[in-house]
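J.: Quick one: this structure, given as structure tokens, is what I'll be asking you about.
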Amino acid sequence: MPYGAIGPIAIHLPQRAEDNQQLAAEFPKWNMAAIYEKTGIRRRYIAAPEECASDLGVAAAEKLFRAYGIDRSTIDFLLLCTQTPDYPLPTTACLMQARLGLPTRCGALDFNLGCSGFVYGLALADGLIQSGAAQRVLLITAETYSKYIHPTDRSLRTIFGDGAAATLVEARPTRSLEAFVFGTDGRGGATLIVADGGARKPEQALRPSKRQRWPSRLFMDGPELVKFTLHVVPPMVEQILRQTGLCREQIDFFLMHQATAVMLEQLRHRLHLAESQVPINLENYGNTVSSTVPFLIYDLRACGQLRPGRRSMLIGYGVGLSWAGCLWTETWQADPAVPPPDPWAPVQKTV
């Protein structure tokens, strides 16, 4: 039976960088030193007004195809994880199929998940491959949360960044993704929410769980999300360890959703993990929602820390409320003669 394996990854970031010095100049009353201490974020990239998540995702996919010589006609399925689609309908993945020049026999769908979305996407891709419906799946995670954030919102603007990752998941004869664990608690839906823009009438919409301090469309109850994360992630980690018969010391990396530095440190202490087991790379990206884990994989591969045979636990948690995890053994071998594609390089539009 074939199994899904994580192949090459390309990432794309908007051209506009927004760092803490710029925010301090714009809002002198914001204590950026204290904010950095909590978030661990110095810089984030912000999409242009006319730039959508699909544009970032198409650019990431084009870089993937060109850098690694991938024939786009071999893609059997396109999975797009985004919470900022181009339109309520049609499906943004269908529009991206045309823009990328993928074959019309290719399946395409969106799934609306945030911080757990990459792990969910891997499970969907692995299922398509195991069922025989696909051999090569293009998994794109792309987000532009900045479009939901008011410029004066100190709590959100200092955290979230825009960006996209394109991951090739392809059939292999041995299993490298296993022990998938999922969780959902929709009772916490109002903890991180954009309550307008859908079909639900405003008077019927879910209300933010606390008073909204800033006029952003996006609302986040940070303390509740921390409480939720510390409640669900440690048992999920234990469940994956039980299913695989491994102990913490046998896992090289715990690749967690990059929410904030404080959140990651709390999880590391709660799970009794070494610093080297919990890499953090959000300083120059911000929280890019569903793309944080593939960004982390991309960076660890680029610096040579992720090599074939290394075991990682992939962990996502957040909006939904939703969480997911799995065990992953690296199988992809980078060609030293092929440098990873530049995340900021402009990409020619597909004809």
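The values are calculated or read from the model by the stated rules, or taken from the named source; none is laboratory data. Just so we're clear, the structure is a prediction, and the values are computed from it rather than from any experiment. Ideal geometry is used to build each Cβ from the backbone, glycine not excepted, and the neighbour counts take in all protein chains shown. These accessible areas exclude ligands, DNA and RNA; they are computed on the full protein's heavy atoms, side chains included. Shrake-Rupley method; radii C 1.70, N 1.55, O 1.52, S 1.80 Å.
J.: Yes or no: region 88-105 includes at least one residue that is touching a Leu at 6+ places or on another chain (Cβ under 9 Å), in contact (Cβ under 8 Å) with a residue 40 or more places away in the chain and open to solvent by 20 Å² or more (accessible area, probe 1.4 Å).
T.: No, region 88-105 contains no residue that is touching a Leu at 6+ places or on another chain (Cβ under 9 Å), in contact (Cβ under 8 Å) with a residue 40 or more places away in the chain and open to solvent by 20 Å² or more (accessible area, probe 1.4 Å).
J.: Just one of the numbered conditions (1) within 29 Å of residue 218 (Cα to Cα); (2) of a type outside the set (Lys, Arg); (3) outside any loop (DSSP other than H, G, I, E, B); (4) within 18 Å of the chain's Cα centre (by Cα) is not true of residue 113; which one?
T.: Unmet for residue 113, out of (1) within 29 Å of residue 218 (Cα to Cα); (2) of a type outside the set (Lys, Arg); (3) outside any loop (DSSP other than H, G, I, E, B); (4) within 18 Å of the chain's Cα centre (by Cα): (3).
J.: Quick check on this structure: which one of 197, 189 is surrounded by fewer than 19 Cβ atoms within 10 Å (Cβ to Cβ), on the phi > 0 side of the Ramachandran plot and not charged (D, E, K, R)?
T.: Only one candidate qualifies: 197.
J.: Among the residues in region 243-259, are any among the β-branched types (Val, Ile, Thr) and either more than 22 Å from the chain's Cα centre (by Cα) or under 21 Å from residue 19 (Cβ atoms) (or both)?
T.: The answer is yes, given that some residue of region 243-259 is among the β-branched types (Val, Ile, Thr) and either more than 22 Å from the chain's Cα centre (by Cα) or under 21 Å from residue 19 (Cβ atoms) (or both).
J.: If you don't mind, there's one more thing I want to ask. So, of the residues in region 303-322 that are of a type outside the set (S, T, N, Q) and in contact with a Cys (Cβ under 9 Å, 6 or more places away or on another chain), which turns out to be surrounded by the most Cβ atoms within 10 Å (Cβ to Cβ)?
T.: Selected residue: 316.
J.: I would also like to ask the following. Picking from 37, 62, which residue would you name as being part of a helix (DSSP H, G or I) and under 11 Å from residue 166 (Cβ atoms)?
T.: 62
J.: Name the one entry in 87, 45 that is touching a Gly at 6+ places or on another chain (Cβ under 9 Å) and among the aromatic types (Phe, Trp, Tyr).
T.: After applying the criteria, what remains is 45.
J.: Additional query: Which of the following residues is crowded, with 18+ Cβ neighbours inside 10 Å and assigned to a helix (DSSP H, G or I): 230, 255, 267?
T.: After applying the criteria, what remains is 267.
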